[in-house]
Every structure is written in C-alpha cells, then in structure tokens.
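Below is one structure, written out as structure tokens; the observations come after it.
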Number of protein chains: 2
Amino acid sequence: MTHTSLPDDLTLRDVDGETIILVVLDGLGGLPHPDTGRTELESASTPNLDALAARSSLGMIMPVGEGITPGSGPGHLSLFGYDPVNSMIGRGVLSALGVGIDLRPGDVAARLNLATIDGQGVVTDRRAGRPSDEDGRKIVDKVRASIRPPDGVEVTLIHEKEHRAVLVLRGDGLGAELADTDPQRTGLRPVPVTATDPASAATAEMIQGLLDQVGEILAEEPRANAFLARGFAQFSPYPSFQERYGLGAVAVAKYPMYRGVASLVGMTVDGVPGSNEETVAVLEEHYGAYDFYFVHFKDPDSLGHDGDFDGKAEAIAAVDVLLPRITALNPEVLIVTGDHSTPALFREHSWHHVPTLIASDWARPSAAEFGETACRGGDLGVIPGKDLMSLALAHAVRLEKYGA
Amino acid sequence: MTHTSLPDDLTLRDVDGETIILVVLDGLGGLPHPDTGRTELESASTPNLDALAARSSLGMIMPVGEGITPGSGPGHLSLFGYDPVNSMIGRGVLSALGVGIDLRPGDVAARLNLATIDGQGVVTDRRAGRPSDEDGRKIVDKVRASIRPPDGVEVTLIHEKEHRAVLVLRGDGLGAELADTDPQRTGLRPVPVTATDPASAATAEMIQGLLDQVGEILAEEPRANAFLARGFAQFSPYPSFQERYGLGAVAVAKYPMYRGVASLVGMTVDGVPGSNEETVAVLEEHYGAYDFYFVHFKDPDSLGHDGDFDGKAEAIAAVDVLLPRITALNPEVLIVTGDHSTPALFREHSWHHVPTLIASDWARPSAAEFGETACRGGDLGVIPGKDLMSLALAHAVRLEKYGA
C-alpha cells in the first residue's frame, strides 16, 4: 500500500532544524454569502493571514477526490500525506486513539452511543437524551464495574463525551468486518451484531454478548439503558512520520479525534489545550523539540455546522489574532489550510476545495490576501491533499533532487 | 510499465506534415525578485515569446510530482511523455547515450570522475583539479590503451568533458545494482564497488578489478590518478517516439546529456551545435525531414545555478531573439517550456511548476505575455509533464476521437 506520492527512490535530505508548522482550521473552506459574494474566510478580518499570504505560495487543496466530502479522519490523513482512500480506517480506531487508548495491532474498536430503548426493544432516543459529560461518564462507569469480558479477551470501555463512548477488544483472532448496530433512526430495533466476513463471526458473537450484558446492567436506568455500536475497525499501525519523512512530529489539538488521527501516524501527543489561546501556548512550549508541528483549531467547522456565517468568520478572525505568536516562532515553512470545507450555507462538511497557503522563503506569491478567490489563482493550482506533505518537505528543502 | 497517459486504445491519426517543435529552455521557471516581484522570465525582454503567448494555450508544467525536484533525466523524460518515476534510468545510461555509445539491452554504464588520491588512498580532489578537455582526454586514452577487460566482457571507456568519462560493460549476466564508489567528499577513501543485490555481485567484482587497474596505470600521474564511479545503470530500451506517437523525431542539443535522453526514446541525434545560433541553424537544416523537433537551450539553467538573476533573464532574452527564425518555419505546434525550474534565488533545480506555452491554431489564448503569472492563469492549468505530449499531439490534430 503506497500512502504517499513520493517516489520510493526519492531520498530525504539529512537536515536539522528546517521546521514545518501545519495549522489546520477545521472546515476552513466556505461558500460566498449571497449578499456580498464573499466567503466566510473572505469576510473575516484576517490582516495577519493576508500578510502571510503575500509571502506564500497559494493554492486549493482537494482532500480526497473531486466531489468527495471527507470526514475528519480522511481529511486529516490526506493532509498528513497518507492516501485517504487506501488507508481508510474506521471511526472506532480514530475514537479509541482520540481518548488515549494505546492500541495494539489486531485490537478491534467501536464507537458507542448511549441510547434509550423502550419495553418493546425499539430505539426511542439514539442519544439517550444527550446526557451531560458527568451523567454519561457515570453510566459508562456503571457498565464497566459489572461487565464480564469474553474468555481470553480484554475489554476496554472509555467514556468520550456526553452520550459517546469507545469500546476496544484485545485478543487473538478478532475481526472487525462488522455492521453497525445503530439503526440510524428511532422507531427501529438495534441491528444485531453481524459479521460481514467469516473471520469476524466469533467477534460478532462476543460483542453481541457484551451489548446484551449492557442491557441487563442498565435495565433500571430511565434513559441511558442501551449502547448502540458503530464504526467497527481493527487497528493496524501506519508507517510513521518519522519513518516516512524523517520528521519528529507533535500534535497540538483540543479535541480527541484530531489527537487520535495524529497519533495514528506516529505523532507525539503531549498536552491537551482547553482553548485556542492554550493551543498556541502548548505549541510555543514544545517549539524547538520537534521538526513538525500540527496545530488544530476546531471552531470554524463547528460554526459552519451551525449555519452561522458570521460566527464562522469570527472564529477564523480569532485564529488570525493569534497568528503573530505562531509566525514569531519563525518556522522555515508555515502552512495554513483546512481538512475540508464546512460552508455555513451548507451546514455540513462539503467537497469544495480548501484554501491553502505555504509560507516559505521559496514561495512563489501571487496575492496579498488569503481566501478562496486568491488561492484559486495561486501558483500551486489544485493540489491533492496527499501531496501537501511533499510540498511542505520541498519548501523546507528536505528532499533530494530526483534523478540526475 | 506504463510510460504514457494516453489510453492504450486511443488511435493516432494517419497524417502527414503536422509538425511539432518542442523548445526547452533548461531550468526556465524562476522565483520573483524581491525588489520587483517579477521572475527571471518576467524580467527578461521577450517580445517574441510574448507575441507567441498571445496565440498559445498557457499553463504550468509539474515535471515529476508536487514538491519533487527533477534531475535533467526525469525532467526531459516527462516532457517526452514517459512516466519519469516508473521509467527511472540511471545517469550512467544517460551519459553513455550522450557521448554517442550505441547501447544494447543489458549493457551496464557508469559515470566516472577523474580524481586525485594521496599515498594513504584518501581522495584529496574529486575532480583531479578540473583538467581541461584535452588533458582529461589524454588520461582516459592512457587508461584505454592499457586496461585489460574481464573475460567475456567488452569494456568501453569514453572521455566526456573535463574530469568526466563514461564506462560501459557489455556481456552476459551483468547487473547494475551497484553503489557509487565516489565518497562524495574529500578526506575519505573511495567506497569499494558493492552490489546491492546478489545478481550484481559478479559485476561488482569486475568493476573493482577495472578500477584497481586504473590505479596502477595512472600511478605516476600527479593529479588524475584514480577514477570514481557513480550512477551505475543497466540499459533497457524504451518504446520509441515513432512507435508510441507515430512521430519521426530529431533532437538538437549542444550538451551530450540531452542528446542522450533524446536517443533513449528513439530520437535521431544528428549534429552537435556549438552555440544557440548553431542550434537554430541545425533545426533549420533538418526542418521538413522529421515530424517532431526537440530543441534544447542550456544557458538559463546554468545561470540559475550561478545565482545570476539578471544573467538568467538575459539568457532567456537571447533565445527570444532567435525565436523568429523558429516561428518562420511555421510548425503546426510550437511548444516552449522547461524541464524544471532553476530559480536564481535558489541556485538549484527546484520543484516549482514551469511556465509553458503551446502555440497552435487550436490554442485558447489568455494573455499576451509569457511568464509565471500569465501561465498560472492560463487555460491549461497545472499539467503533469508526462501529459504534455498528449496535448502536443492534440494541438497537431494527430489523435483520433476516443470512443464513438
């Protein structure tokens, strides 16, 4: 499986100190406001990003493929240079890594939703009334205290947030070709755990047994009386950033999902910032100890999902205010992009290309503005997301010439 | 091995006389001057190229891949429509073709440097004090007169230029998975010839034996008393231009390297011009006898390597002055591009896209200027280098419609 677009026989230069910072504004790309014709990014006050654009190569990233709307996992894998189609991993593995479970090859992970089931066994609320973090945690603790693991299998059950939890099975001969039990809408019964290949049949039985136990343990609970499972996936480790790019890498992200996908490619995850400001503070703290820094800001995506055009523009402006602290670190290469678009008008992730800048002494600048219009006319053209790392390494002069 | 991006079942039109001229300005692409924001090409006086751009489709070529800096071999193979990653050949083969050795399949070629080694066997000068062409030739002649080839193997030794020479072995069962003996810096001993796969072990021994003989033959020489070998490669012929495109092709290039890569794809190499003016004269002489003309100008690359921004701009302008003689030939398609960028500010080949024009009656023009900015906004977008030949054939109306 080739993850990268770098030729096998291309050599990394043996360099020290050419530092790369990758700033991801989640869901950065947008659609123009009907009144102004300007996108969220183009409407935001971004003097610092605009100044950075003036010394950057500009372009648009296509994260997965034309017309393909990426989830967060593929979106980030692509930015990290891993082919998001051939290296697709299940959401379960991403979530398990995100909550800090130290997965081993062969582990099977799934996402769990706390849910409400009525006397007839029909799902009446797929999120158990959206419990608070504290209430959700109590329910998961209650299950963990009583559940009996299958013979020879280690079961890990971790609360994630609100109604969400993660299940991991560790043991020999497990399989994860399993269909979701979440029926996707209320009024239906949970789907029994079903293996879609024979090698996963035993695992299906084990997990059904665990879910049945959960029903008994939570029988008296008024709302959260069942778990729905989805995103079954088996963990197999990836060639790491260090192996592939010769880069010691660290991830700075507030949300577990993004720390998870970073740790999947071998980035160090050290420190959990609670805000944008703390995100930059953790970056500053680490700076100098690594070659590559992945810095994640979530708010533009969240506000895009809310359909809040102005809010998303403000969320982008809020990162712009912090940018001088990042440029003050003076990395050789500073990239600003997104993992996908989340246009406020669309209220969902979308397939639209994502504005991208690569600031470096070796950039070919074309405009003093960071936005969809400027990036569309930029020197880089439309870049498959998985090629971004080649460009990052090139601008850091970390690649040898290819062929004589 | 797929060399081209043309579908297998795409048919060539049976035409006569739709001529294509490909003009390569080596290292054409640049970076903007900090004072003016204009690249070398954009700073050069190029009234003729600008007029040509006004009747051309413009675009940017990505020779090998995003972020990948091509050597001359991959850069040209890509322009000729051959996948430069899957058809990588060693520099030894290119050099051997460049000095006019008629390689056969299985031949193993290497580049040699005349070098100076001291009494302790340590390299003190990797270029033997850069001998003149004449002095270099004398040394190589001296070795050739005395060297004894291994049993059953034919050895060809040709002086190339100054301190450089080419070695070719012909025989059964040779292999070229051999590491360079050049230690890459002075103060170290030459690396013994080492096979990196078992099939090349016997060849490694033979070549070590030859290099040992060279040491004896040149023992009394004050400076050029050893050969360092690198770029070992085994020749396997490529499908030719004639087979693939139905084009009788000729190459006009002052430097052996470029004649070599052209002959690798079956172009005729006839005439060695000594200057830009002679290059155009040789083209004029051949014109009418072939379908495809590859014309190479080296100076922009050389001056880019020197870091001479103004000199590179002048070298481009010097080609512009000769352009009317090329347009006067009135080819159906005239392409002007480069094999890679060599920005004067960077002083090396780089990964940056290369400005490209395709002049034809069927062009979609967008600007009356030839430069990075104009080409970035051109109709062709960013073109993988290996797709250029498809576009050349298309603009010459030499391809049938694909499918009914």
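What does the copy distance list look like for A:Thr36, label position 7 Å along Cα→Cβ, in nm and ordered from shortest?
Result, one decimal in nm: 3.7.
Would you kindly compute the Cα radius of gyration of the range A:83-209 and its largest Cα-Cα separation (Dmax), both in Å?
14.8, 46
What Kirkwood hydrodynamic radius, in Å, does the range B:1-151 give when the mean of 1/r is taken over all pairs of distinct Cα atoms and then inverted?
20.8
Between the range B:249-316 and the range B:154-201, what is the C-alpha centre distance in whole Å?
One Cα centre to the other: 28 Å.
Enter the angle in degrees (range 0 to 90, nearest 10) between the Cα long axis of helix B:309-327 and the first principal axis of the Cα atoms of chain B, meaning the one along which they spread out most.
With both axes taken from Cα atoms, the answer is about 60 degrees.
Among the listed pairs A:Lys401/B:Lys142; B:Lys254/B:Lys401; B:Lys312/B:Lys386; B:Lys312/B:Lys401; A:Lys401/B:Lys254; A:Lys138/A:Lys298, give every one whose C-alpha distance is greater than 30 Å.
Exceeds cut-off: A:Lys401/B:Lys142; B:Lys254/B:Lys401; B:Lys312/B:Lys401.
If you wrap the range A:1-75's Cα atoms in a convex hull and average its projection over all directions, what's the area in nm²?
8.3
With r as the distance between the Cβ atoms of A:Glu154 and B:Glu221 and R0 = 56 Å, compute the FRET efficiency 1/(1 + (r/R0)^6) and round to 0.05. Numbers along the way, then the final one.
On the way: r = 72 Å, r/R0 = 1.29.
E between B:Glu221 and A:Glu154, to the nearest 0.05, is 0.20.
How many nm separate the modelled label positions at B:Ser302 and B:Asp361, each set 7 Å beyond the Cα in the direction of the Cβ?
Taking the two extended label points, one gets 3.9 nm.
What's the angle, to the nearest 10 degrees (0 to 90), between helix B:133-146's Cα axis and the longest principal axis of chain B?
Helix B:133-146 sits at roughly 50 degrees to that axis.
To the nearest 20 debye, what is the magnitude of the charge dipole of chain A about its Cα centre, counting +1 on the Cβ of each Lys and Arg and -1 on the Cβ of each Asp and Glu?
In debye, rounded to 20, chain A gives about 520.
Please get the size of the charge dipole for the range B:342-404, origin at its Cα centre, with Cβ charges of +1 on Lys and Arg and -1 on Asp and Glu, quoted in debye to the nearest 20.
120
Roughly how tilted is helix B:201-217, in degrees to the nearest 10 and between 0 and 90, from the longest Cα axis of chain B?
Relative to chain B, helix B:201-217 is tipped by roughly 70 degrees.
Using the Cα centre of the protein assembly as shown as the reference point, and only Cβ charges (+1 on K/R, -1 on D/E), how large is the resulting charge dipole? Debye, rounded to the nearest 20.
My answer is approximately 700 debye.
Per the Kirkwood treatment, what hydrodynamic radius in Å, one decimal, follows for the range B:269-404 from the mean inverse distance over all distinct Cα pairs? Mind showing how you got there, number by number?
Values: mean 1/r = 0.0606 Å⁻¹.
Evaluated over the range B:269-404, this radius sits at 16.5 Å.
Report, to two decimal places, the Cα Rg of the range A:167-234 normalised by 2.2 N^0.38 Å (N = number of residues).
Compared with the compact-globule rule of thumb, the range A:167-234 sits at 1.14.
Quick one: if you stick a label point 7 Å off each Cα along the C-beta vector at A:Ser132 and A:Ala179, how many nm between them?
Once both label points are built, they end up 3.9 nm from each other.
Report the local net charge at A:Arg164: Lys and Arg +1, Asp and Glu -1, summed over other residues whose C-beta lies under 13 Å from its C-beta.
+3
Going 7 Å from the Cα of A:Lys161 in the Cα-to-Cβ direction, what parts of the range A:17-43 have a backbone nitrogen less than 15 Å from that spot?
Counting only backbone N, you get A:26-27.
What distance in nm separates the simple spin-label points at A:Asn330 and B:Ser45, each placed 7 Å from Cα in the Cβ direction?
4.1
Would you mind computing Rg(Cα) / (2.2 N^0.38 Å) for the range A:243-312, counting N as its residues?
On the way: Rg = 13.5 Å, N = 70, 2.2 N^0.38 = 11.1 Å.
The value comes to 1.22.
Which whole-number value in Å³ per residue fits the convex hull of the alpha carbons of chain B? Show your work: numbers first, answer last.
Details: hull volume 59.6 nm³, N = 404.
Convex hull of Cα atoms, per residue: 147 Å³.
Quickly estimate the mean residue ellipticity at 222 nm for the protein assembly as shown, helices only: each DSSP H run with n ≥ 4 gives -39500 (n - 2.57), and the total goes over all residues, rounded to 500.
-8500 deg cm²/dmol
Quick one: Debye curve from the alpha-carbon atoms of the protein assembly as shown only, equal weights, vacuum; give me log10 I(q)/I(0) at q = 0.06, 0.10 Å⁻¹ to two decimals.
Normalising to I(0) and taking log10 leaves -0.48, -1.10.
Subtract the Cα-Cα distance of B:Asp172 and B:Thr268 from 0.36 nm times their separation in residues, and report this length gain in nm to one decimal.
Values: separation 96, 0.36 × 96 = 34.56 nm, distance 2.79 nm.
Result for the pair: 31.8 nm of gain on full extension.
Could you tell me the convex hull volume per residue, in Å³, taken over the Cα atoms of the range A:325-387?
Numbers: hull volume 7.5 nm³, N = 63.
Convex hull volume per residue, Cα atoms: 118 Å³.
Taking 35 Å as R0, compute the FRET efficiency from the Cβ-Cβ separation of B:Arg104 and B:Asp212 and round it to 0.05.
0.85
Only the coordinates and a few stated rules stand behind these numbers; no lab work does. Bear in mind that the values here come from a model prediction, so they are computed numbers and not experimental data. Because the Cβ atoms are built from the backbone with ideal geometry, glycine has one as well, and the counts that use them run over all protein chains shown.
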